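Visitor: The structure under discussion is supplied below as structure tokens; questions concerning it will follow.
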Amino acid sequence: MDASIAQFAFNNTYVLDGLALFFKRFFLIAAIIVVLLSIEFADRIPAGVAEFYSLQVMALVGMMFAASANDFTVLFVSLELIT
């Protein structure tokens, strides 16, 4: 991916540029650290580990959308995914 040229999608509501790639990489690294730190904690959840990790994945998806949001509606949907 060439970060020097901004690429738009979905009628210019989603943008992929250098800033978006930086934050996407930052969010991925943070999510990996959270998963590694939560390995001991995941054993204590009686309801199941699948829900715990699925919430982390959905929050990560929301953060990835928020990094590339170029429109208020996309930002709103990404905030809903984060929460």
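Visitor: Suppose we filter segment 29-65 for residues that are within 26 Å of ASP17 (Cβ to Cβ) and either in contact with a strand residue (DSSP E or B) (Cβ under 7 Å, 6 or more places away or on another chain) or among the β-branched types (Val, Ile, Thr) (or both); how many remain?
Guide: The total comes to 6.
Visitor: Among the listed residues LEU55, LEU16, identify the single one that is over 22 Å from THR83 (Cβ atoms), of a type in the set (A, V, I, L, M, F, W, C) and at pLDDT below 90.
Guide: LEU16
Visitor: Still on this structure, I have one more. Do any residues in segment 71-83 that are at positive phi have Cβ atoms under 9 Å from those of residues that are assigned to a helix (DSSP H, G or I) and surrounded by 15 or more Cβ atoms within 10 Å (Cβ to Cβ), where the two are at least six apart or on different chains, and which pairs are they?
Guide: Short answer, once both residue conditions are applied: none.
Visitor: Let me ask something else about it. So in segment 14-32, with the set limited to residues that are part of a helix (DSSP H, G or I) and of a type in the set (A, V, I, L, M), which one is surrounded by the most Cβ atoms within 10 Å (Cβ to Cβ)?
Guide: My answer is ALA20.
Visitor: Something else: Tally time: how many residues in segment 33-42 are part of a helix (DSSP H, G or I) and under 25 Å from ALA66 (Cβ atoms)?
Guide: Residues in segment 33-42 being part of a helix (DSSP H, G or I) and under 25 Å from ALA66 (Cβ atoms): 5 in total.
Visitor: Further question on the same structure: For segment 43-72, give me the residue count where each residue is assigned to a helix (DSSP H, G or I) and loosely packed, with under 11 Cβ neighbours inside 10 Å.
Guide: Here the count works out to 4.
Visitor: Moving on. Quick one: is ALA6 among the small types (Gly, Ala, Ser) and touching a strand residue (DSSP E or B) at 6+ places or on another chain (Cβ under 7 Å)?
Guide: Answer is yes for this residue.
The values are calculated or read from the model by the stated rules, or taken from the named source; none is laboratory data. All values derive from a computational prediction rather than experimental measurement. FYI the Cβ positions are ideal-geometry reconstructions off the backbone, even for glycines, and counts take in every protein chain you see.
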